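A.B. asks: One structure is given below, represented as structure tokens, and several questions about it will come after.
The values are calculated or read from the model by the stated rules, or taken from the named source; none is laboratory data. All values derive from a computational prediction rather than experimental measurement. Every residue, glycine as well, gets a Cβ built from its backbone with ideal geometry; the counts of neighbours run over all protein chains shown.
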Amino acid sequence: MQKEGSEFFEHTYANVDLQRMFMEAQDSLSSEIAWEISRRVDWSQWRTLVDLGGARGNTAGILLEAHPHLTATVFDMPPIEPLFHEHMERLGVAGRARYQGGDWFENPLPEGDVLLCGHALHNWTTDQRRTVIAKAYDAVLPGGAFLVHDLMIDAGRERLNPLMLSLAMTLSVGGSGYTAEECTGWLAEAGFEDVEAIPLQDHDGHTVVLGRKPR
Ligand SMILES: C[S@@+](CC[C@H](N)C(=O)[O-])C[C@H]1O[C@@H](n2cnc3c(N)ncnc32)[C@H](O)[C@@H]1O
């Protein structure tokens with residue numbers, strides 16, 4: 001599998017100071033969104049969460065804080081693991097969170113009731129996204145769900161921020177933005193049912209797309 005988007009992460013993760021700067025920037029975007037996702041989705045139906053590309057665990061940590069019955073596995077590249085342990089201690093959820101280092105193109109994904117993939121599919125091409133989504137389908141336990149969240153382009157292509165993000169991804173790593181309709185279609189193609197798009201309240205295009213795996 002060709003992986004044009006990998007070079008950015010290889011460069012960023014080769015240096016501990018850059019790792020930390022990148023993680024802090026991701027957390028500044030994900031915190032508010034994670035709190036909203038913790039309220040807008042019914043987490044009582046699941047017990048085990050896997051956050052794919054979950055970085056140092058900020059989103060997973062917030063979901064664990066909000067829902068004490070959950071346990072989480074964060075799946076991301078191996079160099080981030082020390083920052084993950086430090087961050088889970090800081091959030092007070094270290095006892096319910098574990099890290100699994102790997103590459104989602106190369107390695108099997110951890111199984112769970114609910115898999116999540118946030119702000120990550122825009123780094124990749126549509127074929128690469130389909131590969132990740134198909135692997136996520138295999139890893140979701142029967143009766144569970146897959147949630148993708150991202151800054152998604154609106155159907156009328158009127159919101160500026162998702163279009164700017166898309167341009168930045170195309171120029172920097174060969175990825176692109178996408179619409180909620182496209183994402184809904186990829187999940188349905190992979191086998192997920194009852195796929196729905198849930199716009200978040202920032203009015204900027206942040207959207208959750210949720211699909212369910214039949215029992
Ligand atoms: C833009 S960041 C988003 C982080 C986090 N999900 C959030 O919402 O803040 C994308 C994340 O995906 C991870 N990632 C990218 N490619 C990956 C791969 N092939 N396997 C595992 N993780 C990957 C990166 O290391 C990074 O942490």
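A.B. asks: In the stretch 107-123, is there at least one residue being under 14 Å from the mean Cα position of the chain (by Cα) and polar (S, T, N, Q)?
C.D. replies: Among the residues of the stretch 107-123, at least one is under 14 Å from the mean Cα position of the chain (by Cα) and polar (S, T, N, Q), which makes the answer yes.
A.B. asks: For the stretch 51-62, enumerate the residues that are over 11 Å from residue 76 (Cβ atoms) and surrounded by fewer than 24 Cβ atoms within 10 Å (Cβ to Cβ).
C.D. replies: 62
A.B. asks: Please go through the stretch 2-27 and pick out each residue that is within 9 Å of the ligand (Cβ to nearest atom) and surrounded by fewer than 14 Cβ atoms within 10 Å (Cβ to Cβ).
C.D. replies: Within the stretch 2-27, just 25 meets the criteria.
A.B. asks: Considering only residues of the stretch 55-87 that are assigned to a loop (DSSP other than H, G, I, E, B) and touching a residue at least 40 places away in the same chain (Cβ under 8 Å), which is nearest to the ligand (Cβ to nearest atom)?
C.D. replies: Among those that are assigned to a loop (DSSP other than H, G, I, E, B) and touching a residue at least 40 places away in the same chain (Cβ under 8 Å), it is 77.
A.B. asks: Among the residues of the stretch 143-176, which ones are within 14 Å of residue 209 (Cα to Cα), without any contact (Cβ under 8 Å) to a residue 60 or more places away in the chain and either outside any loop (DSSP other than H, G, I, E, B) or within 14 Å of the ligand (Cβ to nearest atom) (or both)?
C.D. replies: Answer for the stretch 143-176, where residues must be within 14 Å of residue 209 (Cα to Cα), without any contact (Cβ under 8 Å) to a residue 60 or more places away in the chain and either outside any loop (DSSP other than H, G, I, E, B) or within 14 Å of the ligand (Cβ to nearest atom) (or both): 150, 151, 152, 153.
A.B. asks: Moving to a separate point now. Pull up the stretch 104-142, narrow it to residues that are over 23 Å from residue 165 (Cα atoms) and aliphatic (A, V, I, L, M), then point me to the one that is nearest to the ligand (Cβ to nearest atom).
C.D. replies: 109
A.B. asks: Can you spot a residue in the stretch 106-121 that is in a helix (DSSP H, G or I) and not acidic (Asp, Glu)?
C.D. replies: yes
A.B. asks: Also: Can you confirm whether the stretch 196-208 contains a residue that is part of a helix (DSSP H, G or I), at pLDDT 95 or above and in contact with a strand residue (DSSP E or B) (Cβ under 7 Å, 6 or more places away or on another chain)? Break it down stepwise before answering.
C.D. replies: From the stretch 196-208, those part of a helix (DSSP H, G or I) are none; that's our starting set.
Within the stretch 196-208, not a single residue is part of a helix (DSSP H, G or I), at pLDDT 95 or above and in contact with a strand residue (DSSP E or B) (Cβ under 7 Å, 6 or more places away or on another chain).
A.B. asks: Among the residues of the stretch 46-54, are any within 9 Å of the ligand (Cβ to nearest atom) and in a helix (DSSP H, G or I)?
C.D. replies: Within the stretch 46-54, not a single residue is within 9 Å of the ligand (Cβ to nearest atom) and in a helix (DSSP H, G or I).
A.B. asks: So residue 208 ticks every box in (1) in contact with a Gly (Cβ under 8 Å, 6 or more places away or on another chain); (2) buried (at least 19 other Cβ atoms within 10 Å of the Cβ) but one. Which box is left unticked?
C.D. replies: Result: residue 208 passes all but (1).
A.B. asks: A further question on this structure: Would you be able to say whether some residue in the stretch 94-103 is assigned to a strand (DSSP E or B), more than 12 Å from the ligand (Cβ to nearest atom) and closer than 20 Å to residue 212 by Cα?
C.D. replies: no
A.B. asks: Which residues, taken from the stretch 177-198, are at positive phi and either without any contact (Cβ under 8 Å) to a residue 24 or more places away in the chain or loosely packed, with under 14 Cβ neighbours inside 10 Å (or both)?
C.D. replies: Matches in the stretch 177-198: 194 only.
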